[in-house]
Amino acid sequence: MCGIIGAIGNKNIVPTLIESLKRLEYRGYDSAGIAAVVNHDIQRRRTVGKISELANSLASSPIESNVGIGHTRWATHGKPSVANAHPHASDTVALVHNGIIENHSSLRHDLEKKGYVFSSETDTETVVHLITDELKKGKTPLSAVKDALKQLEGSFAFGIIFKDSPDTLIGAKKGSPLAIGKKDGCVFLGSDAIALSAETNDVIYLEDGDVVELNENSITIYDKNDKIVERELHKNVISGDSVGKDPYAHFMLKEIYEQPIAISKTFASLMTSNRNIDAAKIPVDWSRISKITILACGTASYAGLVSKYWFEQLARIPVEYDVASEFRYREAAMAKDGLTIVISQSGETADTLAAMKYAKEQGQKILSIVNVLHSSIARNSDIVIPTLAGAEIGVASTKAFTTQLTVLLMLALNAAQNKNTISRNALQETLAAISDLPAKIEAALQESDSIKEIAEKIKSANSALYLGRGSLFPIALEGALKLKEISYIHAEGYPAGEMKHGPIALVDEHMPIVVLAPSDNLFDKTASNIQEVAARNGKVILVSDTEGYKKLSDKAADSIIVPSANKNVLPILYVVSLQILAYWCALKRGNDVDQPRNLAKSVTVE
């Protein structure tokens, strides 16, 4: 969602703000801006569109200052426009905001009655005038902010500067992430570690209710009880260099090709030196778990759905899978001895955090799978299993997804071993298959050129269907989501067996139908579905191994060959080809692959 950067120091920080905003482009945005204090005056530059537009604006009308804030906006209240772009400001205060102020309408009404004039449609501008109103009562900037915050309902991360206090930058957090860093006479705040990656090696993550006052050489944090506190200092594991995409044309392509090493690192992190699962890294007594509940949103939710098959088939533990954004609203009854697994790349997904909170209130033990070790979800979990994907910049998740799957499969195997529901031979065969996955994926990536040719044929399609059976049904859902996200082609994923229950009515000679059909125990049933589609002149794109290709290629318009592999790792392997297909379709249609329209990388508002 929206990205925040702020800095105060002993030099002109405007170039730092712009470079940091560029690193935040991956979050998804429609406008950008900065504000700084210059000679006791607040100056702003705001533009709609890319950061490059903002940089051009500053080139023609420069600002120099030692204190400032910057923002990339993903529209919630009010359409993308210069007036709605952040920072918002009064004569005395400027601020940037990530989150949603839920009671902004009533606050706005009261402020307008006092004579305050609003220039935007946003909820954020309400906070500007609230703080301004408190300052008019003679309060210090810190006291004005604290008293304004008491009137807010909703979620927020703020960066705030003041015309008459050019030595002060204030931040505040509730529900939306905010981090602090310090280096070489400058202090920084940002919405995530990537924003700070080129500026500091050490990061402090604020807790909900924290207010921080930053000066050139000091950081003072007040907790929700208004007590001065120390927060733990963490090493920033993301370097400024790690967010570059060279030599690849796009971050998404780079991250697709990084999957072999990301999976290998994640797998190795959960193994001992003698090639066994490291039980110390997974502190769960699976024999005491009566039920698993899996909660996530978007792509991560499909990783959870795949793992439902693994946990139930391998470990014989019943699993309830749910989309986090819906889960808490149905007030689900939860098992007394249950384990809730939450999955999130960023660890800041608002809906997943809320669902996790509900599960904790129901007495559940929480195990989280995250790619950001010190994120809000991680900090509020009983057990954290990190994915070692590294920074994922492309909005459409790729390597985060396959490393999530890798962790989930390792958890299911550990549970099966703990419960004695898997033989030692079967366990070792599956572990060997995971170990071999990087090489298998490298082989699958060799098909990129042929997939590019298929993309050329289907780039003008209005809709597409993705079909899979068993644990590949969720991969059909994920493949369809990838196509929707970046190519803007409407696509739906279905269990192959559901074709006859409705979707077959859509089949004609124009619709691409991507069928995942490995040579496994379900192959003959999937082959029957392909026959049904072919009989109706459907344009089948077969995704299968060499054996499946030999049997079914005559029924397909095109085929994508995937290496044969152990059935348990097929979801991780097959999704890579679907990522490549979506990538080439988007590129052929002239779309922005890394920053697709209307989407944000980390959804930090409900």
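Listed values, structure above:
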read-out	value
Rg(Cα)/(2.2 N^0.38 Å) for the stretch 442-481, N = residue count	1.36
Share of carbon and sulfur in the accessible heavy-atom surface of the stretch 297-406 [1.4 Å probe, %]	48
Distance from the stretch 535-606 to the stretch 180-233 (C-alpha centre basis), Å	42
Counted charge near Leu314, where neighbours are those whose Cβ lies closer than 15 Å (Asp, Glu -1; Lys, Arg +1)	+3
Approximate spin-label separation His490-Ser273, in nm, with each point projected 7 Å along Cα-to-Cβ	5.9
Measure of compaction for the stretch 113-248 (Cα Rg per 2.2 N^0.38 Å)	1.15
Inter-probe distance in nm under a simple model that places probes 7 Å from Cα toward Cβ, at Gln531 and Ala83	6.4
Net length gained if the chain between Thr421 and Glu53 were fully extended (0.36 nm per residue, minus Cα distance)	126.6 nm
Extended-chain gain in nm, criterion 0.36 nm per residue less alpha-carbon gap, Asp41 and Ser553	177.3 nm
FRET efficiency, Ala280 to Ser60 (Cβ-Cβ, R0 45 Å, nearest 0.05)	0.15
Inter-centroid distance (Cα atoms) of the stretch 368-383 relative to the stretch 256-324, Å	15
The stretch 466-532, accessible surface, carbon-and-sulfur percent (1.4 angstrom probe)	52
Given Lys281/Lys357; Lys281/Lys399; Lys525/Lys550; Lys174/Lys357; Lys265/Lys484, the pairs whose alpha carbons are separated by over 26 Å	Lys265/Lys484
Listed peptides 369-381, 323-335 by packing density, highest first (mean Cβ within 10 Å)	369-381, 323-335
Asn10-Lys136 pseudo-label distance in nm [points 7 Å out on the Cα-to-Cβ vector]	4.0
Residue pairs, from the table Lys11/Lys235; Lys457/Lys500; Lys183/Lys235; Lys163/Lys224; Lys79/Lys173, whose Cα atoms sit over 19 Å apart	Lys11/Lys235; Lys457/Lys500; Lys163/Lys224; Lys79/Lys173
Overall Cα dimensions of the stretch 263-397, principal axis frame, Å, largest first	43, 37, 25
Helix 473-487 axis, angle to the chain major axis (alpha carbon atoms, nearest 10°)	50
Rg in Å to one decimal, and Dmax rounded to a whole Å, for the stretch 366-485 via C-alpha atoms	17.6, 51
Partners for Lys22 among lysines (Cα-Cα distance below 17 Å; same-chain residues under 8 apart left out)	Lys50, Lys245, Lys601
Nearest 10 degrees, 0 to 90: helix 448-458 Cα axis against the chain principal axis	80
Cβ-Cβ FRET estimate between Ala249 and Glu442, R0 fixed at 30 Å, reported to 0.05	0.95
Portion, in percent, of the accessible area of the stretch 1-115 that falls on carbon or sulfur, probe 1.4 Å	47
Difference of contour (0.36 nm per residue) and Cα-Cα distance, Asp164 to Arg330	54.8 nm
Residues of the chain: accessible area per residue with a 1.4 Å probe, Å²	38
Kirkwood hydrodynamic radius (C-alpha pairs) into Stokes-Einstein, the stretch 423-515, 37 °C and 0.692 mPa s, D in µm²/s	216
Spatial separation of Cα centroids for the stretch 83-149 and the stretch 446-509, in angstrom	47
Three semi-axes of the equivalent ellipsoid, the chain, Cα gyration tensor, whole Å, largest first	45, 27, 22
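The values are calculated or read from the model by the stated rules, or taken from the named source; none is laboratory data. Everything numeric in this text was worked out from a predicted model, so none of it was measured. Cβ coordinates were reconstructed from backbone atoms using ideal geometry, including for glycine residues, and neighbour counts include every protein chain displayed. Keep in mind that these areas ignore ligands, DNA and RNA; they rest on the heavy atoms of the full protein, side chains included. Shrake-Rupley method; radii C 1.70, N 1.55, O 1.52, S 1.80 Å.
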